[in-house]
Amino acid sequence: MSPPDPHDPAIPALPTQANPHFLRALSSLAEETEVQASEDVFAQNGTKLLARGARITPGLYEQIINHRLRTPLETSLASAEGLDTAALCRVAEQALDETPLLRSFCHWSQGRVTPLGMLEHLHFSPQACTLLAVADRHSPANRPHHVRVALIAMGLANAWRYNDAHLLASMGVAGLFHDVGELYVDPALSQRGHEISTREWMAFSAHPIIGAALAREVAKLDKLTQAAILDHHERIDGFGYPRARRRAEVSVGGQILGLAEMISALVSREQPRQHLSVALKILPGEFAPDLVSLIGALCEDCPPDTPTESEESDMPDDIHRVFARIAATQEIYANWQTSNYKFSPAAESATHDVFERFIGVQKAFASTGMDSFEVIAPLLSPAELREARVEARCVLNEIFWRLTRIARELALRCMKLPEGEAQVLMQLVDALAGKICAEDSKLAA
Ligand SMILES: [Fe+2]
Ligand SMILES: [Fe+2]
């Protein structure tokens with residue numbers, strides 16, 4: 001592993017004041033397993049707060065939270081247990097047993113190296129193991145996701161850049177670490193049903209940057225892995241976050257990890273193959289075409305999806321909701337045009353970018369034929385209807401996500417504008433996010 005590069009401008013230094021959410025997660029781990037200070041921990045004024053070898057206790061929060069430290073606390077922790085690679089392999093084996101589509105990505109070996117062999121032989125510093133342990137304790141339900149992302153990312157790396165052993169190893173590691181930045185985010189934001197505000201989104205969308213900083217300063221992972229973690233939510237069409245990078249600005253590792261993450265979310269759903277093919281078809285510009293084209297070959301031997309009988313009674317409403325968001329957005333643009341509204345250059349640039357993206361989503365939605373779904377549905381056979389419903393659900397999820405994503409991006413840009421102008425642009429945010437009252441009145445009509 002190369003030494004950390006403290007001058008990489010895309011990845012800032014970790015803050016020296018401990019993050020409260022990280023501290024709570026660490027305290028929670030310390031309740032059940034032994035974690036020690038791997039070195040003396042000093043406040044910036046020279047006070048020794050923890051001696052090397054001192055056991056971390058649940059009372060650490062109060063002891064640390066109000067101090068600026070000489071070095072980030074995360075770099076001075078060592079869990080007694082290390083990395084349990086056998087447990088990782090058990091999670092991987094169970095995931096492989098349960099999800100045939102996942103197995104398609106793991107049919108490879110390079111010499112004696114196999115996907116499970118890669119996991120089995122991982123070795124990290126005590127600080128890196130502690131970081132993984134804190135993340136694991138913080139959200140145990142996410143462990144299978146991290147393992148799946150590691151397995152899928154290695155499979156994609158092997159197929160896309162065969163013989164690049166460095167990339168292959170990096171993808172296994174990046175898969176396990178990719179969301180460690182979420183340790184700095186209030187867990188309430190990830191709870192089901194929580195409607196995330198603009199400020200909360202700003203905090204959440206920084207998790208790849210924090211993750212990359214933790215990867216560099218705590219886990220001492222190499223630059224390839226740091227870049228992959230930093231870019232795992234970027235998309236080459238510029239729709240990603242946190243930096244909305246485009247094309248070659250998104251690292252190879254970031255593209256692989258991003259696609260692996262998307263596949264990981266789909267493999268355990270009902271009818272995963274269809275979900276995957278629709279997700280990649282309706283908005284094709286997110287990942288490099290030659291990376292996407294590998295998926296067909298990788299999934300060739302995977303058994304077909306098992307048909308389900310589940311009905312989706314809320315689908316017509318959701319279709320109407322998409323139309324309502326599109327109509328409300330168009331109306332606002334039309335009003336601005338007819339009233340010849342004059343924006344500042346910063347607001348002009350924001351509205352222009354948003355409009356460009358909005359038109360792309362609108363075109364993608366129109367190309368799916370969803371506008372005639374309700375007319376066509378009664379004419380379809382039960383098998384055709386099943387397939388059409390899965391496709392429609394997938395399209396709707398993707399379109400909702402895209403519109404919400406544009407709304408969040410614009411809301412962030414509004415925060416940098418004068419209040420009056422920001423208020424005007426927030427109408428557009430509300431329309432894209434579906435908060436315009438007209439939507440409800442149209443639904444009720
Ligand atoms: Fe993830
Ligand atoms: Fe993430």
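Where a number appears in this text, it was derived from the coordinates with a stated rule and is not lab data. The structure presented is a predicted model; accordingly, all values stated were derived computationally and were not measured. Quick reminder, even Gly has a Cβ in these numbers, built from the backbone with ideal geometry, and neighbours come from all protein chains shown.
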Of Lys48/Lys223; Lys223/Lys435; Lys363/Lys435; Lys342/Lys363, pairs whose Cα-Cα distance is over 30 Å: Lys48/Lys223; Lys223/Lys435
Degrees separating the helix 143-160 axis from the principal Cα axis of the chain, which is the longest one: 80
Hits among aspartates and glutamates - C-alpha to C-alpha of Lys416 under 17 Å, sequence gap 8 or more where chains match: Glu200, Glu348, Asp353
The range 50-169: C-alpha gyration tensor shape, a/c 1.5 cut-off, then a/b vs b/c: prolate
Relative contact order %, the range 315-444, counting alpha carbon pairs below 8 Å whose residues are six or more apart: 49
Length-normalised contact order for the range 85-298 - Cα pairs under 8 Å, 6+ apart - percent: 20
Span from the the range 1-71 Cα centroid across to the the range 195-210 one, whole angstrom: 22
Ranked packing of 120-129, 319-328, most packed first, by mean Cβ within 10 Å: 319-328, 120-129
Helix 345-367 vs. the chain, principal-axis angle (Cα, 0 to 90°, nearest 10): 70
Gyration tensor (alpha-carbon) shape descriptor, the range 85-298, a/c threshold 1.5: rounded
Cβ crowding within 10 Å averaged over residues, with 339-345, 260-266 ranked highest first: 260-266, 339-345
R0 of 45 Å, Cβ-Cβ distance Tyr341-Asp40: FRET efficiency to nearest 0.05: 0.15
Signed unit charges on C-beta, dipole axis of the range 315-444, positive-most listed residue Ala346, Ala327, Trp401: Ala346
The chain - convex hull of alpha carbons, volume per residue in Å³: 167
Theoretical gain in end-to-end length, His107 to Gln191 [0.36 nm per residue, Cα-Cα removed]: 26.7 nm
Degrees, to the nearest 10: 419-433 long Cα axis against longest axis of the chain: 80
Over the chain: helical MRE at 222 nm, DSSP H runs n ≥ 4 each giving -39500 (n - 2.57), nearest 500: -18000 deg cm²/dmol
Cα shape, the range 333-431, gyration tensor, a/c 1.5 rule: prolate
Estimated FRET transfer efficiency when R0 is 41 angstrom, pair Tyr162-Asp317 (beta carbons, to 0.05): 0.30
Cα pair count fraction exceeding 19 Å, expressed as % - the range 20-79: 17
The range 68-197: relative contact order as a whole-number percent, Cα under 8 Å and 6+ apart: 27
Theoretical FRET efficiency, 1/(1+(r/R0)^6), r = Cβ-Cβ of Thr404 and Arg247, R0 22 Å, to 0.05: 0.40
